[in-house]
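K.L.:
Input: one structure, supplied below.
The values are calculated or read from the model by the stated rules, or taken from the named source; none is laboratory data. Note that the structure is a prediction, hence the values are computed from the model and not measured. With ideal geometry, Cβ positions are generated from the backbone for all residues, glycine too; neighbour counts draw on all protein chains shown.
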Amino acid sequence: MGLVLACGQFAPAAGDIAANIRHIRSLVREASRQGAGLLVLPELCLCGYPPADRAGSWAVRTDGPELAEVAAVGGEHGVALCVGFAERAQDGRLYNSAVSLGPSGTGMSVYRKVHLWVTEKQWATPGSGFAVTEVAGVRMGTWICYDSRFPEAARTLCRAGATLGLVGAAWFGPAEEWELAVRSRALDNGMFVAGASALGSFQGAPFHGASLIADPHGRLLARAKDGVEQVICAEYDEEAVSGFRRRLPLLSDLRPEAYA
């Protein structure tokens with residue numbers, strides 16, 4: 001069996017990082033029980049989705065004890081992780097970020113959300129690009145929630161060699177639009193996409209969950225129920241990616257000179 005992907009959805013406790021790490025530990029344990037080697041968790045799940053006036057106090061450093069504890073949780077169970085958090089950079093700026101960690105809890109890679117939603121523009125600095133990393137022999141890249149509305153995000157990663165997209169979200173919009181966006185990015189690029197979406201609400205707007213995993217054809221391999229805490233799993237298949245790309249050579253047929 002190849003790499004088993006998992007997505008976990010839950011309602012993060014607002015501002016209570018310790019409680020959220022305990023919750024993450026429980027989801028990692030469940031993902032490991034189901035045989036998963038990689039678990040994707042929702043946007044900002046380490047701290048909860050912050051109001052602008054609290055983002056600063058909820059943010060953590062990448063070299064701080066909070067992410068070290070998260071890394072230890074993944075390493076304890078041999079599960080690679082992708083976890084959303086509010087980041088405080090060395091220069092004091094705040095970012096809506098996601099950290100990817102290898103199954104031993106090492107090899108940290110941090111993505112900073114490029115396309116900020118209106119509520120995030122009040123506190124976060126936009127990121128500057130998309131990078132590919134390798135975990136368990138799979139080349140993958142990350143984007144966050146609203147980034148899914150921009151095909152350029154996944155396409156940039158695909159052109160850089162990614163065959164798997166990891167997406168954390170706290171989706172305000174209709175659940176069917178979230179599903180369509182994730183499946184479309186998978187089909188657009190002939191890649192697997194694993195999207196974990198939060199539960200709960202922010203200022204009266206609900207987060208639906210509906211986490212899902214899609215294959216290169218845009219087909220659903222697994223989907224979580226709306227509003228239910230859950231871990232879903234599906235197998236990543238390298239041959240499904242290469243087979244799709246042999247049949248549909250999207251990358252070699254791109255004509256960027258015509259897209260001005």
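K.L.:
Any residue at all in the range 218-237 that is in contact with a Pro (Cβ under 6 Å, 6 or more places away or on another chain) and either on the phi > 0 side of the Ramachandran plot or without any contact (Cβ under 8 Å) to a residue 60 or more places away in the chain (or both)?
P.N.:
The answer is no; no qualifying residue exists.
K.L.:
Tell me the residue from ALA170, ALA186 that is closer than 21 Å to SER252 by Cα and either touching a residue at least 24 places away in the same chain (Cβ under 8 Å) or in contact with a His (Cβ under 8 Å, 6 or more places away or on another chain) (or both), please.
P.N.:
When all the criteria are applied, what remains is ALA186.
K.L.:
When you scan the range 112-210 for strands (runs of 3 or more DSSP E) that lie fully inside it, which ones turn up with 2 or more residues that are in contact with a helix residue (DSSP H, G or I) (Cβ under 9 Å, 6 or more places away or on another chain), on the phi < 0 side of the Ramachandran plot and at pLDDT 95 or above?
P.N.:
Output list reads 138-144, 164-169, 192-197.
K.L.:
Which one is farthest from ILE24 (Cα to Cα) among residues in the range 159-180 that are buried (at least 24 other Cβ atoms within 10 Å of the Cβ) and among the small types (Gly, Ala, Ser)?
P.N.:
My answer is ALA162.
K.L.:
Let me ask you something else. Of everything in the range 229-253, what is modelled with pLDDT of 95 or more and either in contact with a Lys or Arg (Cβ under 9 Å, 6 or more places away or on another chain) or of a type in the set (Val, Ile, Thr) (or both)? Give them in sequence order.
P.N.:
VAL231, ILE232, VAL241
K.L.:
Just for the range 1-26: of the residues that are under 15 Å from the mean Cα position of the chain (by Cα) and among the aliphatic types (A, V, I, L, M), which one is surrounded by the most Cβ atoms within 10 Å (Cβ to Cβ)?
P.N.:
ALA6
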